[in-house]
Amino acid sequence: MSEKKTKRRDFLFTATYAVGAVGVGATIWPMIDQMNPDASVKALASTEVNVSTVTPGKTITVLWRGKPVFIRRRTQEEIAEAKSVKLEELKHPEKDEDRAKNPEWLVMLGVCTHLGCVPLDQKGDYNGWFCPCHGSHYDISGRIRKGPAPTNMEIPKYEFVDTNTIKIG
Amino acid sequence: MSDHEYIPKSKVGKWFNDRLPLLTLANHLTDYPTPKNLNYWWTFGGILTFCLLTQIVTGLVLAMHYIAHADMAFDSVEHIMRDVNYGWLIRYIHANGASMFFLAVYIHIFRSLFYGSYKSPREIIWIIGIIIYLLMMAAAFMGYVLPWGQMSFWGATVITNLFSAIPLVGEGIVTWLWGGYSVDNPTLTRFFTLHYLIPFLILGLVVLHIWALHVPGNNNPVGIDIKKPSKDTVPFHPYIVIKDGFALLMFMIVFAFFVFYTPNILGHADNYIEADPLVTPAHIVPEWYLLPFYAILRSVPDKLLGVVAMLAAIFILAALPWLDTSKIRSAVFRPLYRQFYWILVVDVLVLGYVGAMPAEGLYLLIARVATVYYFLHFLVVLPVLGLKERTLPVPLSITESVLGGSPNLATAKNKESLNN
């Protein structure tokens, strides 16, 4: 008995525990997964927006997945300003071309990356957005310039269905 | 509660236990001396605990998605069934779980009736159990209303109208229960609140039920008082834990069968039609576990007396420890009681059957006979039997009855023939 040998009983115990663990896991998973977005929520995952009425220099805010999305039609000066910023000056370096494929249209999630408030339009030190909660300043490309937010405002997945319609999501 | 002083081995354990004796409690529960002859009918206490916890967990989950509003409840249940991840599974577990809960509780109750578990010194355990059973019926009834289907609505209407049988104040009480002049949104929201509350009341009562049980200890198939701990007992862990666990697994197979293969067989198709206050379904019956009482209600041709009879059929159980005059607990040693016991079982099953049938013709006659017999059993048979019955000699210990030399000749002979 001095030598430790795997016995039939050890095998049975291990096998029982293993089956039990799988069973418990399979039982608990539905209880956890039920809190994930359900089919009706996923069905709302994309929104189509008609932007024909938006004139240059205007921003509209639409709701997508329960969050605001800013759609700004930028003026030529604004585009020029956004492109002129050097990447070294940025906390989260991103080129404006990468953020706005069609430079006239900036489509971006209107949620401050600090703690989730909605920034105010055309406010702040950089003529972009300003978050009233904790004072983050964003430029006209939605990039963080000053304040506690760690990253630029997020660009959602979107596409132009035709010249007047943007499909977000 | 403590049969011996328990001192934790570790220093931290001792420090903690001196301040909050949870470890003493855990030790009591593991070492708890249990009669060694408990059969599988004794595993339903554990199974019922499992049922209660299953209902609470699945119920909490459902409450995250359900909307208690007359205009939205029905759709929100369909939303759970179609949209919510695993919502169908969780709802089917909850709905069939109620039936499984009652199946287990009926076995548990009839176990007590057979082995005389309600007798002194276990009356309080029994009465707490009856209260739990009453709360279960209330919770089940209100839960059935929540999907706001046709059966929900009309079941709620019929059951709440039972209170209108009370003279003078009946109508006022019904209006108060409804929060209006018919079953409507106020009724639904309060039923939801109470349906949420009751399981936690039951949980508290279960703790008292088990606490009261641990004072005298378990009854056993022989029904005699035993010394504990002694040769007649085994520690709860691992002996009873393993046995209860195995029985629970078997029970879960039955449970899973209903959930996965026939999830709607115990329900009514009419409840998949949204509640309509203008149309009553052609054939309205309660869930199967309430049918015997429903049969008693319908067998009395008077509104008030019908309600009284139905309630009396439940409350009479609480008086059982005093109606049964026999000093012998287990039916094993009561040859006559044993026969009456089985007649009662059949009687209740018959009541359940006729409760599901239309209340007319032969069914009504059978229901009436069965109702009368139900009350006769408790009010006449049990008191008289205790005084007149010639019981068989009872063994002095469990060991004696197990290791041959059973004083019950028939049992001893049976055992011999099995051995040969």
Exercise. So which chymotrypsin sites (Phe, Trp or Tyr not before Pro) in segment B:124-218 end up in coil per DSSP with only 11 or fewer other C-beta atoms within 10 Å?
Worked result: B:TYR181
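Could you work out [θ]222 nm for chain A from helices alone, using -39500 (n - 2.57) per DSSP H run of at least four and dividing by all its residues? Round to the nearest 500 deg cm²/dmol.
Here the helix-only value at 222 nm equals -7500 deg cm²/dmol.
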Problem set entry | Label-point gap, in nm, between B:LEU194 and B:THR280 - each point 7 angstrom along Cα→Cβ | 2.1
Seminar exercise, completed: Judged on accessible area alone, 1.4 Å probe, highest first, B:ILE273, B:ILE80 line up as B:ILE273, B:ILE80
Problem set entry | Positive-end extreme of charge dipole, the protein assembly as shown - chosen from B:LEU194, A:THR61, A:MET108 (charges on Cβ) | B:LEU194
Exercise. Is the shape of chain B best called rounded, prolate or oblate, per the rule: a/c under 1.5 gives rounded, else a/b larger than b/c gives prolate, else oblate, with a ≥ b ≥ c the square roots of the Cα gyration tensor eigenvalues?
Worked result: oblate
For this session: Compute the acute angle (0 to 90°) between the alpha-carbon long axis of helix A:8-33 and the principal axis of greatest extent of the alpha-carbon atoms of chain A; round to the nearest 10°.
Result: 30
Exercise. Residue by residue, what Karplus-based ³J(HN,Hα) values in Hz, rounded to whole numbers, does segment B:176-184 have, using 6.51, -1.76 and 1.60 with θ = phi - 60° and x for Gly and Pro?
Worked result: 5, 4, 6, x, x, 9, 7, 5, 8
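With r defined as the distance between the Cβ atoms of A:GLN76 and A:VAL24 and R0 fixed at 45 Å, what FRET efficiency is calculated, to the nearest 0.05?
0.10
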Exercise. Taking only DSSP H segments of four or more residues, each worth -39500 (n - 2.57), what value at 222 nm results for chain B once the sum is divided by all its residues, to the nearest 500 deg cm²/dmol?
Worked result: -20500 deg cm²/dmol
For this session: Compute the Cα gyration tensor for segment B:93-192, then decide on rounded, prolate or oblate, letting a ≥ b ≥ c be the square roots of its eigenvalues: rounded whenever a/c is under 1.5, prolate when a/b is larger than b/c in the other cases, and oblate in all that remain.
Result: oblate
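Ranked from the most accessible area to the least, with a 1.4 Å probe and all protein chains present, what is the order of B:SER10, B:SER112?
B:SER10, B:SER112
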Exercise. What are the ³J(HN,Hα) values, in whole Hz, obtained from phi via the Karplus relation 6.51 cos²θ - 1.76 cosθ + 1.60 with θ = phi - 60°, for each residue of segment B:238-248 in sequence order, with x given for Gly and Pro?
Worked result: x, 4, 6, 4, 5, 5, 4, x, 5, 4, 4
Problem set entry | Free-standing Cys, the protein assembly as shown [no other Cys Cβ under 4.7 Å] | B:CYS51
Exercise. Taking θ as phi - 60°, what are the ³J(HN,Hα) couplings along segment B:58-74 by the Karplus curve (6.51, -1.76, 1.60), each to the nearest whole Hz, with x for Gly and Pro?
Worked result: 5, x, 4, 4, 4, 5, 6, 10, 7, 10, 7, 8, 4, 7, 10, 4, 4
Exercise. Chain B: longest stretch without exposed GluC sites (Glu not before Pro) (DSSP loop, at most 13 other Cβ within 10 Å), sites themselves excluded?
Worked result: B:6-359
Problem set entry | Residues with amide H under 5 Å from that of B:GLY149, placed H, sequence gap 5 or more | B:ALA275
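Given a cut-off of 44 Å, what percent of all Cα-Cα pairs of the protein assembly as shown lie beyond it? Walk me through the intermediate numbers first.
Working: 74876 of 173166 pairs.
Of all Cα-Cα distances in the protein assembly as shown, 43 percent exceed 44 Å.
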Problem set entry | Gyration tensor verdict on segment B:1-133 (Cα atoms; rounded if a/c is under 1.5, prolate if a/b is larger than b/c, oblate otherwise) | oblate
Problem set entry | Label zone at A:SER40, where the point sits 7 Å out along the Cα-to-Cβ direction: segment B:135-159 residues whose backbone N lies under 17 Å | B:146-149
Exercise. Antiparallel DSSP bridges in the protein assembly as shown: what percent, to the nearest 5?
Worked result: 100
For this session: Would you look at the GNM of chain B, springs on alpha carbons closer than 10 Å, and say which of B:LEU278, B:LEU304, B:LEU349 moves the most?
Result: B:LEU278
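The values are calculated or read from the model by the stated rules, or taken from the named source; none is laboratory data. Since the structure is predicted, the reported quantities are computational estimates derived from the model, not experimental observations. All Cβ positions, even for glycine, are placed from backbone atoms using ideal geometry, and neighbour counts span all protein chains on display. The accessibility values were calculated without ligands, DNA or RNA, using every heavy atom of the protein model including side chains. Shrake-Rupley method; radii C 1.70, N 1.55, O 1.52, S 1.80 Å.
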